[in-house]
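For reference, the structure is listed below as structure tokens.
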Amino acid sequence: MVVPPWYELPPQGYGGIELICAALIDALCVRGHEVTMFGAGTRTGTSARFVSTVTQPQFERLGHGMPDALHAARVDQLLAETQFDVIHDHTLCGPLAAAHRTAPTVVTVHGPADSELGDFYAALGDNIHAVAISEAQRRRRPELPWAATIHNAIDPTGFLPMHSADGPVLWLGRFSTDKGPDLAIQACREAGLPLVLAGKCNEPAEQRCLDEVIRPMLGDDVKLIVNGDRQTTNRLLSEARCLIMPIRWHEPFGMVMIEAFASGTPVVAMRRGSVPEVVRHGTTGFVCDDPSELPAALLRVGEVDPQDCVAHARSAFSADLMARRYERVYRQAIVQSRRSRHLTRRQSAVPAAPVRRLAAGNERRAGVLGRAPVVNRQLAGDR
């Protein structure tokens with residue numbers, strides 16, 4: 001399991017990919033697999049054998065290319081020293097080495113497929129076995145080398161289902177207009193409900209969004225929490241009357257939705273990206289087609305039974321289910337890799353046809369024997 005170099009596993013604060021990887025690793029280990037994890041830091045809270053490529057997690061350089069490239073290069077060296085059945089790569093640069101790895105490479109596409117990221121995976125072609133995290137993501141780039149669609153998942157036991165029907169509305173994400181924190185403020189104000197805005201703000205674009213868009217909108221009805229740790233965000237999920245997710249983009253998944261369900265907290269979200277796949281309208285929350293519908297939906301969350309949310313998280317988004325689905329992809333990748341190697345060996349075992357030496361200047365005979373026929377056709381045309 002190759003994970004990004006930004007955070008240790010499991011993450012102490014922000015880190016959606018890292019949270020998924022930690023849950024998957026532990027679920028695979030429970031199912032009897034030997035998992036080696038290549039990542040950053042000096043420790044891991046997972047059950048995997050841990051191999052570090054850098055002692056200091058690189059979260060302060062998140063978004064920079066070199067930490068990921070260096071991590072990938074070091075992982076490539078380490079992979080060459082040991083035999084593995086399959087390599088599951090969650091990094092950006094790592095899959096570039098897939099073509100010369102001795103084991104097949106499974107790649108989970110964590111970002112938008114209808115972007116340069118999709119172009120990147122298209123260029124890698126059959127060297128990777130790509131896994132979509134939602135059908136919505138897959139539909140936006142159907143020609144990629146998809147092996148399966150597997151929803152992200154969590155360990156539901158890591159969340160306390162202590163839903164508070166009288167709590168504030170919660171918005172939880174990174175500060176970006178794509179995530180709609182401004183729409184959350186507007187919707188809660190119109191509904192007359194208090195709001196907690198809890199967001200990640202480490203990168204320059206996130207800081208600009210917070211300073212230029214959000215801070216001017218703040219009032220007594222909005223509580224702002226910046227870069228809360230994992231313990232804080234889990235508590236906020238349990239204390240909220242609902243989670244609001246007024247996204248403006250086609251989000252490939254949205255981990256926060258299933259974290260809310262595991263906490264017994266319903267979700268009110270816009271119908272974009274994977275939302276209709278994750279939220280059961282009227283049962284675990286409400287899906288809105290227009291931002292103007294959000295205030296009324298917020299006032300209806302009392303109709304949702306928190307136990308239905310918890311049951312949905314445990315039945316549809318458990319780490320064990322995710323691990324079993326990835327097992328099928330791993331087996332498929334291994335079988336395909338073995339067939340490909342067998343075919344390559346058979347082709348290389350076929351003796352090459354003998355090469356006839358020709359006297360210099362015998363162009364006409366060379367054309368008959370198949371030597372440079374294009375040139376000979378050109379010469380014939382000249383004559």
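Points worth noting:
- Unmet criterion (only one of (1) surrounded by fewer than 22 Cβ atoms within 10 Å (Cβ to Cβ); (2) outside any helix (DSSP H, G or I)) for Leu9: (1)
- Ala99 meets the conditions (1) of a type in the set (A, V, I, L, M, F, W, C); (2) closer than 27 Å to Pro276 by Cα; (3) free of Cβ contacts under 8 Å to residues at least 40 places away in the same chain; (4) not in a loop (DSSP other than H, G, I, E, B) in every case but one. The failed one is (2).
- Residue list for the range 79-96, filter: buried (at least 16 other Cβ atoms within 10 Å of the Cβ) and under 21 Å from Leu24 (Cβ atoms): Leu79, Val86, Ile87, His88, Asp89, His90, Thr91, Leu92, Cys93, Gly94, Pro95
- The single condition from (1) surrounded by 16 or more Cβ atoms within 10 Å (Cβ to Cβ); (2) within 30 Å of Pro276 (Cα to Cα); (3) more than 18 Å from the chain's Cα centre (by Cα) that Asp76 fails is (2).
- Some residue of the range 199-209 being free of Cβ contacts under 8 Å to residues at least 12 places away in the same chain and either of a type in the set (Asp, Glu) or surrounded by fewer than 21 Cβ atoms within 10 Å (Cβ to Cβ) (or both): yes
- Members of the range 156-174 that are in a helix (DSSP H, G or I) and exposed (fewer than 14 other Cβ atoms within 10 Å of the Cβ): Thr157
- Test: Leu78 is of a type in the set (A, V, I, L, M) and not in a helix (DSSP H, G or I): no
- Entry remark, the range 12-53: residues being crowded, with 22+ Cβ neighbours inside 10 Å, of a type outside the set (A, V, I, L, M) and outside any helix (DSSP H, G or I) number 5 in total.
- Taken over the range 131-153, the criterion of being of a type outside the set (A, V, I, L, M, F, W, C) and either buried (at least 21 other Cβ atoms within 10 Å of the Cβ) or within 19 Å of Phe317 (Cα to Cα) (or both) is satisfied by Ser134, Glu135, Gln137, Arg138, Thr149, His151, Asn152.
Since every read-out is calculated from the coordinates, none of them should be taken as a lab result. Given the structure is predicted, the values throughout are model-derived calculations rather than measurements. For neighbour counting, all protein chains shown are included, and Cβ atoms are generated from backbone atoms with ideal geometry for every residue, glycine included.
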